[in-house]
Amino acid sequence: MAVQVAGSINVDLIQTVEALPRPGETVLAHRSVRLPGGKGANQAVAAARAGAATHMIGATGSDEAGQWMRERLAAEGIGTQGIATLAGEPTGTACIAVDRTGENQIIVSPGANAGLMPARVRPFGHDTRVLLAQLEVPAATVHAFLAAPAAQGTVRILNAAPALPEASSLFGLTDVLIVNQHELALYLGLPDAPANVEAALAARRLIACPDQVVIVTLGAQGAVAVRAGSHCHAPALPVVPVDTIGAGDCFAGALAARIDAGESVEEALPFANAAAAFCTQGQGAIPAIPHRPAVEEALKNAPDRGKPR
Ligand code: RIB
């Protein structure tokens, strides 16, 4: 079977700083690196490294950055026929500052991602079992992707990030919705982000159809899958993060791969949690995304961690 990802492709310009700049402040970086990224590309790489046959729908510019990104994705074995090259548009760029604690600020310049129109959404590969999207490409395109006719049993996953209030109209098109605690607060209009599993059960209010599941990622507290009449919490593997760039994307891509392999959402949670924990151990998004054997080994060595409760 296969995972099909529709989403953004960016070049990440990462600056490591002592402390994040306040409004009006200029700070000097210790160092700068250019790494592959974008929520869509990160999720596609996470699915591929977790073992899924993966196809990507996206857009880059006809610039050097676009060619670099297409080559990087193809080198992962990802099907790139669905990636459009838009003449005259720059490839998406994310300017990311990371402080000494791993906290970050991200500004995304969408470039070609904003030109990914609904008409470009077509099935690539005949064996797709899982559709996976996020919100760094136009909402109308995500709608076309999730609403397209698909084989019975296809699982539609939306990682509703970055948080866009108008995107809540897409939630009813999904089988699995993934948000972090800050996105959950925004979608529910809560004053504060839910800080623990009990508070995250408020995600039940997002459920739009009976069999839907909402996953809330809670950083060091792992993730909770919330259904209408039950919930399942998987604690995180304990790590000291280098940075958290792309960790949520890694979670979503790894989860999609395990569902593609036939697991339920609840069965897939520990693997996705562990993959995301790995991703925080290296700099940036794509370079830090783990391959399946490393994640399986980590889970074997921590039998009581990452297990759903
Ligand atoms: O989620 C992390 C990603 O967000 C980065 O790779 C950056 O490109 C932005 O899209």
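The values are calculated or read from the model by the stated rules, or taken from the named source; none is laboratory data. Model, not experiment: these values are computed from the prediction. All Cβ positions, even for glycine, are placed from backbone atoms using ideal geometry, and neighbour counts span all protein chains on display. For accessibility, only protein heavy atoms count, side chains too; no ligands or nucleic acids. Shrake-Rupley method; radii C 1.70, N 1.55, O 1.52, S 1.80 Å.
For Gly40, what is the net charge nearby, where nearby means another residue's Cβ is under 10 Å from its Cβ and Lys, Arg count +1, Asp, Glu -1?
Every neighbour counted, the sum reads -1.
If you take the Cα Rg of region 118-246 and divide it by 2.2 N^0.38 Å, with N the number of residues, what do you get?
Working it through for region 118-246, the quotient is 1.09.
Hey, what did region 209-301 get for relative contact order, percent, Cα under 8 Å, at least 6 apart?
Worked out over region 209-301, it gives 25 percent.
Provide, for q = 0.28 Å⁻¹, the log10 of I(q)/I(0) from a solvent-free Debye sum over equal Cα point scatterers in region 105-144.
-1.05
I need the fraction of alpha carbon pairs in the chain separated by more than 30 Å, rounded to a whole percent.
26 percent
Return the calculated 222 nm mean residue ellipticity for the chain, to the nearest 500 deg cm²/dmol, obtained by summing -39500 (n - 2.57) across DSSP H runs with n ≥ 4 and dividing by the residue count.
Here the helix-only value at 222 nm equals -8000 deg cm²/dmol.
Order Met56, Met117, Met1 by their accessible area, 1.4 angstrom probe, all chains in place, largest first.
Sorted descending by solvent-accessible area, the residues read Met1, Met117, Met56.
Provide the per-residue ³J(HN,Hα) series for region 53-63, in order, calculated from phi with Karplus coefficients 6.51, -1.76, 1.60 and θ = phi - 60°, each as a whole number of Hz, with x at glycine and proline positions.
Working through the residues one at a time gives 5, 9, 10, 10, 10, x, 8, 10, x, 8, 8 Hz.
Which cross-chain or sequence-distant (5 or more) residues have an amide H under 5 Å from the amide H of Val155, H modelled 1.01 Å from N in plane?
Val130, Leu131
Rounded to the nearest whole Å², what accessible area per residue is found for the chain with the 1.4 Å probe?
I get 42 Å² per residue for the chain.
Can you say what percent of the DSSP beta bridges in the chain, counting only those with both residues inside, are antiparallel? Round to 5.
40 percent
Suppose every Lys and Arg Cβ carries +1 and every Asp and Glu Cβ carries -1, with no other charges. What dipole size does region 164-247 come out with about its Cα centre, to the nearest 20 debye?
Around 180 debye, computed over region 164-247.
If you put +1 on each Lys and Arg Cβ and -1 on each Asp and Glu Cβ, how big is the dipole of the chain around its Cα centre, in Debye rounded to 20?
The dipole magnitude comes to about 340 debye.
Using a Förster radius of 35 Å, what is the FRET efficiency between Glu71 and Met117 based on their Cβ-Cβ separation? Nearest 0.05, please.
0.90
Can you compute the radius of gyration and Dmax for region 182-306, using only the Cα atoms, both in Å?
Cα radius of gyration and Dmax of region 182-306 are 14.3, 41 Å respectively.
Give me, ordered by chain and number, the residues 5 or more places off Leu135 or on other chains with an amide H under 5 Å from its own placed amide H.
Sorted by chain and number, the residues that satisfy this are Ala161.
In what sequence, largest accessible area first, do Glu25, Glu183, Glu76 appear using a 1.4 Å probe?
Glu25, Glu76, Glu183
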